[in-house]
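**Q** Here you go, one structure.
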Amino acid sequence: MTNENHGSGHSGARDSGARSPGARNSGGQNSGARRNAQGRERNRTSAPSFTAAAPSARTRKADPARLVAFEVLRAVSGEDAYANLVLPSRIRHHHLDKRDAGFATELSYGALRGQGTYDAILARCVDRPLEQLDPAVLDALRIGVHQLLAMRVPAHAALDQTVGLARAVVGAGPSSLINAVLRRVTAKDLQEWIATLTHGQTDASTIAALTYSHPEWIVRALRQSLVAHGRVVTEITALLEADNAAPVVNLVALPGLGDLSEALAEGFTVGPLAPDSALSSGGDPGRLLAVREGTNRVQDVGSQLVARALAAAELLPRRGSAAEPDGERWLDLCAGPGGKAALLAALAGQCGATLLANEPAPHRAKLVKQALAAVPRDVWTVRIGDGREVGEQRPEGFDRILVDAPCTGLGALRRRPESRWRRKPSDVGELGPLQRELLASAIKAVRPGGVVAYATCSPHPAETNAVVVDALRKREDLELLDAGAVLDGVSLTGKLGSGHEKTAQLWPHIHATDAMFLALIRKKA
């Protein structure tokens, strides 16, 4: 039975034909408008009309895949949870197979990515301000809109299953409202709705925000970021589209500890950018034994390359010695939740170095220990404390230091689609002092001849270039290494390119990674 005829709507990412806001609509379910005997236009769908069945006659059960998506949206909007942390546990809780897990994943992430555009559409279809709706009802509507406008789900199935979901988990009362609102949504396809929303708008950022479902301030920030890192502003469309693309699962096998044989046998493909990496567009990587044991880790390839670049950066000899008699000492200053720390520790173990992973929050320090568990215990230590104090407490005590600074996360909107709706313009300025203090601490803590890697998962110039320039201005004993060249040296392609001057900036629309920024700062001997 094909998913187009499957009343329960178990249509996964395998054949959902998902389209993000701004993608071209080929017609499909919303084409072929017809008129009834009274001359009124029927719902624009080639599927059987769903208006004949009253909400009370529709299903009263919640389809498990849609229930998972609803629970993810509720956790995100009601508890400030992260979808990528909630989704795997809900998939396992409801025992979804690979097919339904793919559907639930696309529906969850798609509804979150498209929230800005979908809410603007819903505002035209609801007879009251959206903030007056029950939050659970609004989340159910977002799930319905994504199915109707951006997935290859028949309109009758999307409506029936969304109303059934609401009846099962919210209550019978809202079903009539959801039914009526979603019927209004079907009056236009996605491109027609976007044309309606943008009609009369003249500002390019406003139009892009509505078309590609980003807050307007983020569109402006990303335009500025492209220019600041040596790109052209006309790439903004490709960047926004990449943010809305379903992310590929990235795996890394910890060097010397794991391999990719299990992942490749399960359908993963060898990653083209980083050593020991693999990619998959679907499924739950938590099902892999190597992932559960920690020798394989889910980690964006951009983060993998940043860790490898620090490990490969050229040091100058310690004072008074051309050798490193007792092994190098590495520091991950902002280690939580532990992804880069695990890869760094594995790399350190291969060359006789040790890693100190610092994390100020005890609960996140626990996650760091869990991430490091697969690495031999004599390689690493976890410290709970403020990274800004390490420079004073252990001056010139480390050879290599990673400052994966807290940032707005504007470079990871593919993987954390809810972040675009949580962040505010003021966050950029509020994080700036912390970023500068952490980098200053790391510079104090690195020995002469040692290297500090300053990295952010944000391309915003205020979080990247500006922080590095300020650090260099305050001291005369620092020099920038060519981060782009080092990244090229640790990658499989050798053609990643660089950003502003000697810093490096990766991009979703160019490298298919998070927008990771990297500066390599060496203290002169």
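The values are calculated or read from the model by the stated rules, or taken from the named source; none is laboratory data. What you are looking at is a predicted structure, and each value in this text was computed from that prediction instead of being measured. Every residue, glycine as well, gets a Cβ built from its backbone with ideal geometry; the counts of neighbours run over all protein chains shown.
**Q** It is to be established whether one or more residues within region 304-311 are closer than 24 Å to Leu87 by Cα, at pLDDT 95 or above and in the same structural domain as Val375 (by TED's automatic domain parsing). Full working, then the answer.
**A** The initial filter retains those residues of region 304-311 that are closer than 24 Å to Leu87 by Cα, namely 304.
Subset that is at pLDDT 95 or above: 304.
Then keep just the ones that are in the same structural domain as Val375 (by TED's automatic domain parsing); that gives 304.
Checking region 304-311: at least one residue is closer than 24 Å to Leu87 by Cα, at pLDDT 95 or above and in the same structural domain as Val375 (by TED's automatic domain parsing).
**Q** Residues of region 238-257 being touching a helix residue (DSSP H, G or I) at 6+ places or on another chain (Cβ under 7 Å) and more than 30 Å from Ala374 (Cβ to Cβ), which ones?
**A** If we filter region 238-257 for residues that are touching a helix residue (DSSP H, G or I) at 6+ places or on another chain (Cβ under 7 Å), which is where we start, we get 238-244, 246, 249-252, 254-257.
Selection gives Ala238, Leu239, Leu240, Glu241, Ala242, Asp243, Asn244.
**Q** For region 279-301, what are the residues that are modelled with pLDDT of 95 or more and touching a Lys or Arg at 6+ places or on another chain (Cβ under 8 Å)?
**A** Val291, Gln299, Asp300
**Q** Of the residues that sit in region 512-525 and are surrounded by fewer than 24 Cβ atoms within 10 Å (Cβ to Cβ) and more than 20 Å from Leu240 (Cα to Cα), which one is nearest to the chain's Cα centre (by Cα)?
**A** Only one residue tops the list, namely Arg522.
**Q** Condition (residue is of a type outside the set (Phe, Trp, Tyr), over 19 Å from the mean Cα position of the chain (by Cα) and within 27 Å of Lys495 (Cα to Cα)) applied to region 300-308: is it met by at least one residue?
**A** Yes, region 300-308 has at least one match.
**Q** Taking the stated definitions as given, is Gln161 closer than 30 Å to Leu410 by Cα and of a type outside the set (Ser, Thr, Tyr)? Spell out the reasoning first.
**A** Values: closer than 30 Å to Leu410 by Cα: no; of a type outside the set (Ser, Thr, Tyr): yes.
So Gln161 does not fit the description; no.
**Q** Can you find even one residue in region 134-150 that is among the acidic types (Asp, Glu), buried (at least 20 other Cβ atoms within 10 Å of the Cβ) and in a helix (DSSP H, G or I)? Before the answer, list the steps.
**A** Of region 134-150, the ones among the acidic types (Asp, Glu) are 134, 139.
Imposing the further condition that a residue be buried (at least 20 other Cβ atoms within 10 Å of the Cβ) reduces the set to 139.
Filter once more, so that each one left must be in a helix (DSSP H, G or I): 139.
Checked region 134-150: at least one residue is among the acidic types (Asp, Glu), buried (at least 20 other Cβ atoms within 10 Å of the Cβ) and in a helix (DSSP H, G or I).
**Q** Which of the residues spanning region 88-112 are among the charged types (D, E, K, R) and out of contact with any Ser or Thr (no Cβ under 6 Å at 6 or more places or on another chain)? So that I can check it myself, show each step before the final result.
**A** Taking region 88-112 and keeping what is among the charged types (D, E, K, R), we get 90, 92, 97-100, 106.
Selection gives Arg90, Arg92, Asp97, Lys98, Arg99, Asp100.
**Q** Test of understanding: among Pro448, Pro425, which residue is surrounded by fewer than 21 Cβ atoms within 10 Å (Cβ to Cβ) and in contact with a Phe, Trp or Tyr (Cβ under 7 Å, 6 or more places away or on another chain)?
**A** Working: Pro448 fails: in contact with a Phe, Trp or Tyr (Cβ under 7 Å, 6 or more places away or on another chain).
After ruling out the rest, the residue left standing is Pro425.
**Q** Look through region 469-511, keep the residues that are touching a strand residue (DSSP E or B) at 6+ places or on another chain (Cβ under 9 Å) and small (Gly, Ala, Ser), and return whichever of them is surrounded by the most Cβ atoms within 10 Å (Cβ to Cβ).
**A** Result: Ala483.
**Q** I need every pair where a residue in region 126-137 that is within 13 Å of Val169 (Cα to Cα) and in the same structural domain as Val76 (by TED's automatic domain parsing) has its Cβ under 7 Å from the Cβ of a residue that is in a helix (DSSP H, G or I) and among the polar types (S, T, N, Q), sequence separation at least 6 or different chains.
**A** As it stands, the answer is Pro135/Ser77, since those pairs meet every condition given.
**Q** Quick test of your reading of the structure: Cys351 fulfils all but one of (1) hydrophobic (A, V, I, L, M, F, W, C); (2) surrounded by 14 or more Cβ atoms within 10 Å (Cβ to Cβ); (3) more than 23 Å from the chain's Cα centre (by Cα). Name the failing condition by number.
**A** (2) is the only condition that Cys351 fails.
**Q** Follow-up question, since we're still on this one. Any idea which of (1) in contact with a strand residue (DSSP E or B) (Cβ under 9 Å, 6 or more places away or on another chain); (2) within 30 Å of Val249 (Cβ to Cβ) is the one Ala373 doesn't satisfy?
**A** Ala373 satisfies every listed condition except (1).
**Q** Please give the helices (runs of 4 or more DSSP H) falling wholly within region 160-258 in which 1 or more residues are aromatic (Phe, Trp, Tyr). Break it down into steps so the answer makes sense when it comes.
**A** Details: elements: 175-185, 190-198, 204-212, 216-228, 236-243.
Of the helices (runs of 4 or more DSSP H) lying wholly inside region 160-258, those with at least 1 residues that are aromatic (Phe, Trp, Tyr) span 190-198, 204-212, 216-228.
**Q** Answer with yes or no whether Thr206 is free of Cβ contacts under 8 Å to residues at least 24 places away in the same chain, over 21 Å from Ala462 (Cα atoms) and in contact with an Asp or Glu (Cβ under 9 Å, 6 or more places away or on another chain). Even if it seems obvious, please write down each step before you answer.
**A** Working: free of Cβ contacts under 8 Å to residues at least 24 places away in the same chain: yes; over 21 Å from Ala462 (Cα atoms): yes; in contact with an Asp or Glu (Cβ under 9 Å, 6 or more places away or on another chain): yes.
Against the criterion (free of Cβ contacts under 8 Å to residues at least 24 places away in the same chain, over 21 Å from Ala462 (Cα atoms) and in contact with an Asp or Glu (Cβ under 9 Å, 6 or more places away or on another chain)), Thr206 qualifies.
**Q** Among the residues of region 313-360, count how many are acidic (Asp, Glu) and at pLDDT below 95.
**A** So the first thing to find is which residues in region 313-360 are acidic (Asp, Glu), and the list is 314, 324, 326, 328, 332, 359.
In the following step, the residues that additionally are at pLDDT below 95 were identified as 324, 326.
Qualifying residue count, region 313-360: 2.
**Q** Does Pro433 count as within 20 Å of the chain's Cα centre (by Cα) and modelled with pLDDT of 95 or more? Give the derivation first.
**A** Working: within 20 Å of the chain's Cα centre (by Cα): no; modelled with pLDDT of 95 or more: yes.
Considered against the rule, which asks whether it is within 20 Å of the chain's Cα centre (by Cα) and modelled with pLDDT of 95 or more, Pro433 comes out as no.
**Q** Failed condition for Ala246, given (1) modelled with pLDDT of 95 or more; (2) within 21 Å of the chain's Cα centre (by Cα), with all others met?
**A** The failed condition is (1).
**Q** Can you tell me which residue in region 397-420 is surrounded by the most Cβ atoms within 10 Å (Cβ to Cβ), limited to those that are modelled with pLDDT of 95 or more and touching a Pro at 6+ places or on another chain (Cβ under 7 Å)?
**A** Among residues in region 397-420 that are modelled with pLDDT of 95 or more and touching a Pro at 6+ places or on another chain (Cβ under 7 Å), the one surrounded by the most Cβ atoms within 10 Å (Cβ to Cβ) is Gly411.
**Q** Now, a different point. Of the residues Pro255, Pro215, which is surrounded by fewer than 20 Cβ atoms within 10 Å (Cβ to Cβ), over 19 Å from the mean Cα position of the chain (by Cα) and either on the phi > 0 side of the Ramachandran plot or at pLDDT 95 or above (or both)? Outline the logic, then answer.
**A** Working: Pro215 fails: over 19 Å from the mean Cα position of the chain (by Cα).
Being surrounded by fewer than 20 Cβ atoms within 10 Å (Cβ to Cβ), over 19 Å from the mean Cα position of the chain (by Cα) and either on the phi > 0 side of the Ramachandran plot or at pLDDT 95 or above (or both) holds for just one of Pro255, Pro215, which is Pro255.
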